[in-house]
Amino acid sequence: MPNYFETNLAPLFAADFDYFRIPRQKWELMLTRLKQMGVNAVTVTVPWGYHEFQPGTIDLHGTTSARRDVMDLLNLCVRFDLPCLLKPGPYGHNGILGEGIPAWLLKEAEQLDEAMPAAVKSWYKALSKALLGRQWPDGPIIALQIDIEPAGGQQVVLTKQLTEVQWPIWLRKHYDGIEDLNAAYGATYRTVSEVDFPQTWRKASTPLEKDAKTFLDEVRSDKGSEYTQILTDAGWLIPIYPFAQDTSPDLPALHAHSLAASAPLPVLGQGKKIAVRRVILNLQHPLQVDPDPVEIGCGPVWAENAPIRADGSVRAKFWAVRRYLWGHTLAKITLADDCLNLVLKDDLLATCRGDTFLKIETTAGLKSAIYRLTFNGELVAADNLKVSRGKLSGLYVAEDEAGQTDLIFLLNNPSAPLSGFLLTYLSSLLVGQAQIITCCATLAKKLGQMLTPGQLSPTTAKTDRPALTSYTLAEARRGLKEADIALRKAMSSIGALEGGFATMLDREREVIPTPATNPVAISPEVFEGTAREILVEIGATCTEIAPPLQSAAKALQHTLKTPFTVAQYQQSYAAAIAATTAAQEILLKVIGQLRLQIASEQLPLVVWRVHDQAQAIAEGLRWGVLFK
């Protein structure tokens with residue numbers, strides 16, 4: 001079966017999408033911004049330590065945190081038509097604490113280098129079990145890239161096993177005897193065991209240092225081959241970098257460029273001779289994150305000078321990157337007075353970095369209409385621009401009280417369905433809104449169901465169990481704690497038994513992490529009196545806001561099924577804003593009510609979990625639709 005790169009020859013401009021840094025409520029917003037910048041793929045690092053946060057437990061479905069829902073992210077990649085280059089580690093080079101290695105492994109392993117192979121194997125197998133079905137052509141994952149070492153070009157860890165066991169063996173294989181080795185080194189060693197491995201060197205200048213460098217290169221290569229084989233044996237059929245290019249030179253080369261750096265973007269197909277059609281350009285640091293989560297980043301801010309700010313607004317650098325990307329992916333692009341102009345048949349599109357007086361040649365007729373699109377998706381008539389004597393002229397306003405201008409475009413026939421680039425571009429904005437509204441509607445429905453009375457209702461006469469009496473939070477906590485302790489003891493005993501059998505049978509003991517389990521849901525049945533009444537009322541409110549949101553999402557999806565006109569886009573956008581605004585107003589009242597009642601001790605502290613879920617829905621609507 002051909003791989004993705006054999007059927008798609010266009011260059012890939014893949015931006016890093018560090019989902020683990022970004023609140024789940026902002027995923028759609030940030031993916032939309034990347035699409036607006038001109039990105040046509042994403043590079044996704046999957047931090048091992050973030051997902052296997054405790055030994056033997058893995059979360060890839062957002063069970064313990066919505067930011068861990070890799071499966072949901074891959075669904076979004078499909079919706080946004082963004083192929084995905086997946087980085088499963090074991091190391092993570094995105095400024096991640098511990099470089100992606102689990103804290104428990106760093107703490108428990110006396111010799112990390114010796115413990116890594118078995119631990120990585122179990123991680124790869126657990127990850128593969130969950131994600132194999134999402135590889136191309138059945139899913140968005142088009143390639144894997146493994147990182148076998150820490151960042152910064154650090155040397156392989158010089159363990160005793162490496163320098164005192166593997167090094168002498170390597171020397172014996174490469175020299176016919178001690179005389180041959182002494183002749184090469186100009187030395188008088190009596191045995192190979194006397195050749196100490198050089199601990200540090202600036203340049204591999206001496207024969208010994210050159211051999212040491214070759215030895216370490218081979219160790220790295222062997223490790224990479226070993227990890228690649230694990231993934232291949234697990235069922236991955238797509239290319240695996242960095243070693244895939246060694247065996248398949250037709251694969252596109254990987255190049256990385258940091259958007260936080262001052263260096264210009266690389267020249268494709270010219271000065272540096274990077275073939276335009278055979279390249280994956282990995283754009284690093286495209287999104288600012290502020291604050292960077294404490295369990296992920298070493299500092300409070302990530303990618304401080306990124307083209308896209310943490311609130312979704314864009315910096316001047318955004319236009320430079322857009323100009324570069326559009327210049328390589330779109331035809332008929334021209335640059336004039338700091339503006340990027342694109343001719344679309346008889347129509348015209350322009351985007352500028354700042355306030356600019358436009359004077360652009362056009363073939364538009366008398367029926368032409370000019371529109372302004374803001375970054376939040378609002379599309380209005382650009383009354384400050386006019387067409388006269390075959391020219392589009394007037395002041396391009398980069399930002400005002402309505403927001404930042406994304407672009408302006410002129411349509412010769414504004415009542416006709418859109419097509420080509422403009423249809424695709426506006427569709428991506430509606431896709432983002434539809435996805436976040438659907439997500440929020442689902443969360444609101446689940447929260448409403450969770451707070452609906454009757455889930456723990458007394459049993460009927462059809463069973464022999466006694467009816468449920470009043471439960472107190474303290475009793476529930478004590479019971480759960482005792483059950484957890486007993487379960488952990490049982491699991492430990494079972495693990496020891498399996499280990500004993502494995503030893504007796506002389507088999508390698510392999511433990512693959514199991515999926516994390518859902519936390520216990522809060523039910524109003526656990527509470528009494530006023531607390532119960534408050535939670536039931538909040539549940540009813542959440543149940544009521546779900547259907548209007550679902551209707552708004554369906555309306556957006558219906559618009560996306562066929563080519564739409566400008567008027568249809570505006571109607572869909574307005575309907576989404578109206579439904580979102582109404583739902584958010586209700587949710588903000590619920591959040592305020594919960595905060596007041598928890599502070600006044602009308603509700604116990606555990607109800608903060610309900611508050612956090614309601615706030616997540618409100619923030620999702622804010623960032624994904626309202627952008628304010």
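Any residue that is touching a residue at least 24 places away in the same chain (Cβ under 8 Å), in contact with a helix residue (DSSP H, G or I) (Cβ under 7 Å, 6 or more places away or on another chain) and β-branched (V, I, T) - is there at least one of those in segment 195-217? Yes, there is a match, as at least one residue in segment 195-217 is touching a residue at least 24 places away in the same chain (Cβ under 8 Å), in contact with a helix residue (DSSP H, G or I) (Cβ under 7 Å, 6 or more places away or on another chain) and β-branched (V, I, T). Just so you know, in segment 606-628 the residues that are closer than 14 Å to I538 by Cα and β-branched (V, I, T) include one that is nearest to the chain's Cα centre (by Cα), and it is I617.
The residue list D113, D138 contains one member that is in a loop (DSSP other than H, G, I, E, B), among the acidic types (D, E) and farther than 17 Å from Y19 by Cα, which is D138. Only residues that are open to solvent by less than 40 Å² (accessible area, probe 1.4 Å) and in a loop (DSSP other than H, G, I, E, B) were counted across segment 84-110, and they come to 7.
Tell me the helices (runs of 4 or more DSSP H) entirely within segment 513-628 that contain at least 2 residues that are at pLDDT below 90 and surrounded by fewer than 14 Cβ atoms within 10 Å (Cβ to Cβ). Counting at least 2 such residues, we get 529-560.
Number of residues in segment 185-194 that are touching a residue at least 24 places away in the same chain (Cβ under 8 Å) and among the acidic types (D, E) equals 0. If you go through segment 297-325 and keep only what is among the charged types (D, E, K, R) and open to solvent by 10 Å² or more (accessible area, probe 1.4 Å), you end up with E304, R309, D311, R315, K317, R323.
The residues in segment 204-220 that are more than 13 Å from W170 (Cβ to Cβ) and among the polar types (S, T, N, Q) can be counted, and the count is 2. Within segment 280-313, restricting attention to residues that are β-branched (V, I, T) and in contact with a helix residue (DSSP H, G or I) (Cβ under 7 Å, 6 or more places away or on another chain), the residue that is nearest to P83 (Cα to Cα) is I308. Looking only at segment 349-363, count every residue that is out of contact with any Phe, Trp or Tyr (no Cβ under 8 Å at 6 or more places or on another chain), part of a loop (DSSP other than H, G, I, E, B) and open to solvent by 100 Å² or more (accessible area, probe 1.4 Å) and tell me the total. Selection size over segment 349-363: 1. The number of residues in segment 161-202 being outside any loop (DSSP other than H, G, I, E, B), in contact with a Pro (Cβ under 9 Å, 6 or more places away or on another chain) and within 23 Å of R220 (Cα to Cα) comes to 2. Reported count of residues in segment 218-239, each being outside any helix (DSSP H, G or I) and either among the hydrophobic types (A, V, I, L, M, F, W, C) or free of Cβ contacts under 8 Å to residues at least 24 places away in the same chain (or both), is 3.
Given the condition open to solvent by 20 Å² or more (accessible area, probe 1.4 Å) and polar (S, T, N, Q), answer yes or no: does some residue in segment 12-33 qualify? Yes, some residue in segment 12-33 is open to solvent by 20 Å² or more (accessible area, probe 1.4 Å) and polar (S, T, N, Q).
Here Y50, Y19 are screened, and the one residue that is of a type in the set (S, T, Y) and within 17 Å of Q435 (Cβ to Cβ) is Y19.
Residue-wise test of (1) touching a Cys at 6+ places or on another chain (Cβ under 7 Å); (2) open to solvent by less than 30 Å² (accessible area, probe 1.4 Å); (3) modelled with pLDDT of 95 or more; (4) among the aromatic types (F, W, Y).
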site: L366; (1), (2), (3), (4): no, no, no, no
site: D383; (1), (2), (3), (4): no, no, no, no
site: V387; (1), (2), (3), (4): no, no, no, no
site: Y396; (1), (2), (3), (4): yes, yes, no, yes
site: L411; (1), (2), (3), (4): no, yes, no, no
site: A441; (1), (2), (3), (4): no, yes, yes, no
site: Q449; (1), (2), (3), (4): no, no, no, no
site: K462; (1), (2), (3), (4): no, no, no, no
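Just one of the listed residues (T363, T351, T329) is among the hydroxyl-bearing types (S, T, Y) and in contact with a strand residue (DSSP E or B) (Cβ under 7 Å, 6 or more places away or on another chain), and it is T351.
The values are calculated or read from the model by the stated rules, or taken from the named source; none is laboratory data. The model shown is predicted, which means the values in this text are computed figures rather than measured ones. No Cβ is skipped: glycine too gets one built from the backbone with ideal geometry, and neighbour counts run over all protein chains shown. These accessible areas exclude ligands, DNA and RNA; they are computed on the full protein's heavy atoms, side chains included. Shrake-Rupley method; radii C 1.70, N 1.55, O 1.52, S 1.80 Å.
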